Amino acid sequence: MFKPVAMTPWVTTVQIPVASLRPFSLFSYRTATIRVMQEPTSFYAARCLPKFTAIALSLPLLCTGCIERYITITSQPDGALVYLNDDEVGRTPLTVPFTFYGTYDVRLEADGYKPLWTKQGAQAPWWDTIGVDLIAEAVPNAESHIKWHFTMELQGPVVESALVDRARQMRALVHADDAP
């Protein structure tokens, strides 16, 4: 886990794997390089160096956490196409990562059903509020999981004669606007 990179009689450089602090990069790691001064026979080496080394080596434990935020969207019927803030994210049921809490524009479309446009809120849990989130970020594998379910209405049968009448009305309106 800890890999000595360079050693001299006075300085040891150690590389420690540290989890990346970028959101949703659970499997990417960076290394932190720590230089530890060593004086073999001094008061510093006997008293301070072990404490400093213990603190330096425990640093990766404080940097490993990152809150994973997910929204799970289900619908009746399954397989509806989902748009969040006008970005297509997939078909239901699905789970998508998100970064910010707040209000999202949600649109669902499915064949044979009326399109559904709505706004849905993603509220932060109490432990992900300002101040408390500093401690929550340090907890490994912390998750905020929000679940939304939508029921879509069946689209009524299309009456062909009504559709043709409506087209004629629209054509009449367009031609009325073209007349001088």
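Nothing in this text is a laboratory measurement; each read-out follows from the coordinates by a stated rule. Being a predicted model, the structure only gives us computed values, none of them experimental. As a convention, Cβ positions derive from the backbone with ideal geometry for all residues, glycine included, and neighbour counts pool all protein chains shown.
In terms of other Cβ atoms within 10 Å, E160, E88, E137 run from fewest to most in the order E160, E88, E137. Here the spin labels are modelled as points 7 Å beyond Cα on the Cα-Cβ line, and at D165 and H149 they lie 4.0 nm apart.
Label zone (E68, point 7 Å along Cα-to-C-beta; backbone nitrogen cut-off 13 Å) within the stretch 92-122: 95-98.
In plain terms, the chain from Y101 to D178 could stretch by 22.8 nm, reckoned as 0.36 nm per residue minus the Cα-Cα distance.
Modelled label positions at W127 and E109, each set 7 Å beyond Cα in the direction of Cβ, lie 4.0 nm from each other.
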